[in-house]
Amino acid sequence: MTAGVAGTVAAPAAVRRRRWRPGAWPYLLPLLVLVGVWVYLPVLGTLVLSVVDWDLTSPTAELVGLDNLRRLLAEPEFGQAALQTLVYAVALLPAATVVPLLLAVLLWLRPGRASTVYRSLLFVPAMVAPVAVAVAWQFLLNPLNGLANEVTGWFGLPRVNWLGDPAWALPVVVVVTSARVVAFNLLLFCAALSGLDRRPVEAARLEGATDVEVVRFVVLPQLRATVVLLGLLSLVLAGQWTFTNVSVLTQGGPDGATDNVYHRIHTLGFVYFETGMASTASVLVLVFFTAAALVAGLVRGRRGER
């Protein structure tokens, strides 16, 4: 009798232990499907296209193996575009970290209605369509009747072919792109600062600390992770940030002086219809940034252990 009752009581517990509990998987499944369709499936397609010769119109594609890679590495234009992508990354680094950090800290130290208005005005360049901004700059930098040359003419300076001179074209693309980068990263720094506790700041001021000392010893140490993250994003996304301005303002010219890897991939794939070479270049970019991310992760892990 007792054994029967015990078996009856124990049975539901055993059933509960054996029951499969899905947990969070039903909620994650739609996201995983979307990521697989829109991220990993195109990556797989790019890998396949990187070993074939196809011009987007032919009904068949010829398998060429690593020939696309050899042709791409032998192309001087791709090497120049890769080097200039690194130049863009370094040139945009202050706009991605130093300038927005300085503006965000100044706004944070003086909270109030005016600070909110200034923050909104500074964020405007990030809300305007990049193509519209590039077209506006194209009119402003027109070498014949653009406003930029009109302003420099007031000071007796000679007219400059801003987009047609190799010495000026790349710095102009950097400056035009910097406004959007500063605006967007300013919002991220303001979000990070909004989570900081103001009590240590007030305590430091009661001890006689100046604003510079407060920022240096209280605020900046708490923003170190955000600065590193945005710096890494600048190195990774510089080519994408400048793509629209390069495409609209210079088309990679003059003589490839403003080209970058992403614009070169677009040119190979949709201007010359060299789909295989464009896909190979995309794979190289993916491998490079994956390796860079792994190295950055290892370095941070070792610092954490220390």
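Among all positions in the range 130-149, there is at least one residue which is farther than 20 Å from Thr258 by Cα, out of contact with any helix residue (DSSP H, G or I) (no Cβ under 9 Å at 6 or more places or on another chain) and surrounded by 11 or more Cβ atoms within 10 Å (Cβ to Cβ). Looking at (1) surrounded by 12 or more Cβ atoms within 10 Å (Cβ to Cβ); (2) more than 26 Å from Pro130 (Cβ to Cβ), which one does Val295 not meet, given that it meets all the others? Condition (1) is where Val295 drops out. Of the residues in the range 106-129, none is over 18 Å from Leu193 (Cα atoms), among the basic types (Lys, Arg) and at pLDDT below 95. Counting only helices (runs of 4 or more DSSP H) that fall entirely inside the range 189-306 and contain at least 3 residues that are touching a Pro at 6+ places or on another chain (Cβ under 9 Å) and of a type outside the set (Gly, Ala, Ser), the qualifying elements are 224-245. Somewhere in the range 206-226, is a residue within 18 Å of the chain's Cα centre (by Cα) and within 29 Å of Arg70 (Cβ to Cβ)? For the range 206-226, residues within 18 Å of the chain's Cα centre (by Cα) and within 29 Å of Arg70 (Cβ to Cβ): absent. Tell me, please, whether a residue that is at pLDDT below 90 and either surrounded by 11 or more Cβ atoms within 10 Å (Cβ to Cβ) or more than 30 Å from Gly253 (Cα to Cα) (or both) can be found in the range 31-53. Looking for residues that are at pLDDT below 90 and either surrounded by 11 or more Cβ atoms within 10 Å (Cβ to Cβ) or more than 30 Å from Gly253 (Cα to Cα) (or both), one finds none in the range 31-53, hence no. Look at the range 85-106: where a residue is touching a residue at least 12 places away in the same chain (Cβ under 8 Å) and a partner is crowded, with 22+ Cβ neighbours inside 10 Å and outside any helix (DSSP H, G or I), sitting 6+ places away or on another chain with Cβ atoms under 7 Å, you get Thr85/Asn260; Tyr88/Asn260. Only one of the listed residues (Gly253, Gly239) is crowded, with 16+ Cβ neighbours inside 10 Å and touching a residue at least 40 places away in the same chain (Cβ under 8 Å). That residue is Gly239. Might you let me know whether the range 115-126 holds any residue that is out of contact with any Cys (no Cβ under 8 Å at 6 or more places or on another chain), assigned to a loop (DSSP other than H, G, I, E, B) and surrounded by fewer than 17 Cβ atoms within 10 Å (Cβ to Cβ)? Checked against the condition, which is being out of contact with any Cys (no Cβ under 8 Å at 6 or more places or on another chain), assigned to a loop (DSSP other than H, G, I, E, B) and surrounded by fewer than 17 Cβ atoms within 10 Å (Cβ to Cβ), the range 115-126 yields no hits at all. Every test in (1) closer than 28 Å to Thr226 by Cα; (2) small (Gly, Ala, Ser); (3) modelled with pLDDT of 90 or more; (4) loosely packed, with under 13 Cβ neighbours inside 10 Å is passed by Ala167 save one, and that test is (1). Starting from the range 120-145, take each residue that is farther than 13 Å from Ser247 by Cβ and list its partners that are basic (Lys, Arg), counting only C-beta distances under 7 angstrom and pairs at least six apart or across chains. If the second residue must be basic (Lys, Arg), the pairs left are Pro125/Arg180; Ala126/Arg180; Pro143/Arg159. Scanning the range 170-188 for residues that are of a type in the set (A, V, I, L, M, F, W, C) and either farther than 15 Å from Val246 by Cβ or not in a helix (DSSP H, G or I) (or both) returns Ala179, Val182, Ala183, Phe184, Leu186, Leu187, Leu188.
Where helices (runs of 4 or more DSSP H) fall wholly inside the range 55-114, the ranges with 2 or more residues that are in contact with a Phe, Trp or Tyr (Cβ under 6 Å, 6 or more places away or on another chain) and surrounded by 18 or more Cβ atoms within 10 Å (Cβ to Cβ) are 98-109.
A count restricted to the range 27-57 and to residues that are touching a strand residue (DSSP E or B) at 6+ places or on another chain (Cβ under 6 Å) and either over 19 Å from Gly269 (Cα atoms) or of a type in the set (Val, Ile, Thr) (or both) stands at 1.
The values are calculated or read from the model by the stated rules, or taken from the named source; none is laboratory data. Keep in mind the model is a prediction, meaning the values are calculated, not measured. Backbone-built Cβ (ideal geometry, glycine too); neighbour counts: all protein chains shown.
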